[in-house]
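Written below as structure tokens is the structure these notes are about.
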Amino acid sequence: MLCRGDSMKEKVMMNKSVLVLTRIGLLSAVALILSAVENMIPALPFALPGMKLGLSNLAVMFALELCSLPGAVCVVAAKAVFALLTRGVTAFFMSLAGGVLATLAMWMMLRIKKLQFGCLGIGIAGAFLHNCGQLLVALVLVSDAVYAYFPVLSLASVATGALTGLVYYIIMPHLKRIPLLS
Amino acid sequence: MNYSSDNTKRAYFRMADLIPLAVIVLSVVLGVVFLLSPKDEKGLTAVVSVEGEVYTEVALDAVKEPYELTLHGDREAVLLISSDGVRFVTSDCPDKLCVNTGMISRSGQSAVCLPARVSVKLISSEESGGIDALSG
Ligand SMILES: [Zn+2]
């Protein structure tokens, strides 16, 4: 790095930030598609109205691996804005709180070297905290009656997390082979 | 900033994954125990909340004839309150999940309309405390 000329350095840095932006954009698009798919899935009879299972967590997991924590937070923000536009203010705060909690948890789990977590563990922790964040916002904005949904939603998050973890496990190695992403 | 340099594939399952799994299972058990513990069905009180604030409390034992309660949250929702329980009759929400929840009739159950920010939960009348508990 030190022996390179200033203009060269600038160019490399420019390219790098453009690359990171491109990745964030791409992964945000993936997150929005997953959110839209989730919106189309008919709600389970026991599910709390407005709750999302967190399939779009998958895009956040990719973002954590491919563009670091700030990049993942950008994807979460894009998801929250999408929720605001399609489902309103309450959904915005639920999406944001769930997304931020899940992102922080998965970020820590990806980084801890002492304890090697598998994709399964990271997936279910992300899905669980996604639910917890949403429930906390619903407790404040709607009513404390929503706590009744906590057990069933937590169990559901194990299933969603196992699924997102599995998809991540299968797809991630292939993503790393794409020149734009690696 | 680029973590993709290590090409080692992360395993699907590792023993450490049991930690988040155990945390979730434990919190589910605690949640269920908490929800089921006050099982005194001496009488139910419906707590109706609008936009995050308790709007009214109705002791169901005292309800002779079923009646409708119109609530003006972010959207308009109508509850039917009877001695057997409470249900959403209509709501201006797009998803109608509240109406599909059907009648709630046991302590701890709740029905929520998130778009309208209207919710109703049933608690045993002793929980609501005060005069209600004494007179019931
Ligand atoms: Zn509704």
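Observations, loosely collected:
- Residues of the range A:139-176 satisfying the condition of being charged (D, E, K, R) and within 30 Å of B:Gly73 (Cα to Cα): A:Asp144
- In the range A:99-119, the condition of being more than 12 Å from chain B (Cβ to nearest Cβ), within 24 Å of B:Tyr55 (Cβ to Cβ) and part of a helix (DSSP H, G or I) is met by no residue.
- Hey, B:Gly102 away from the ligand (no atom under 14 Å from the Cβ), more than 15 Å from B:Ser124 (Cα to Cα) and surrounded by fewer than 21 Cβ atoms within 10 Å (Cβ to Cβ) or not: no
- Condition check for B:Ala62: of a type in the set (A, V, I, L, M), exposed (fewer than 15 other Cβ atoms within 10 Å of the Cβ) and over 25 Å from A:Pro151 (Cβ atoms): yes
- Condition check for B:Thr90: touching a helix residue (DSSP H, G or I) at 6+ places or on another chain (Cβ under 8 Å), part of a strand (DSSP E or B), surrounded by 13 or more Cβ atoms within 10 Å (Cβ to Cβ) and of a type in the set (S, T, N, Q): yes
- The lone criterion from (1) closer than 27 Å to B:Gly31 by Cα; (2) more than 9 Å from chain A (Cβ to nearest Cβ); (3) within 10 Å of the ligand (Cβ to nearest atom); (4) in a strand (DSSP E or B) left unmet by B:Ala116 is number (4).
- Taking the criterion of being of a type in the set (Val, Ile, Thr) and part of a loop (DSSP other than H, G, I, E, B), no residue of the range A:81-98 qualifies.
- Among the candidates A:Leu139, A:Leu129, A:Leu166, the residue that is without any contact (Cβ under 8 Å) to a residue 24 or more places away in the chain and open to solvent by 10 Å² or more (accessible area, probe 1.4 Å) is uniquely A:Leu139.
The values are calculated or read from the model by the stated rules, or taken from the named source; none is laboratory data. Keep in mind the model is a prediction, meaning the values are calculated, not measured. Virtual Cβ from ideal backbone geometry, glycine too; neighbours counted across all protein chains shown. We work out accessible area using only protein heavy atoms, side chains counted, and drop any ligands, DNA or RNA first. Shrake-Rupley method; radii C 1.70, N 1.55, O 1.52, S 1.80 Å.
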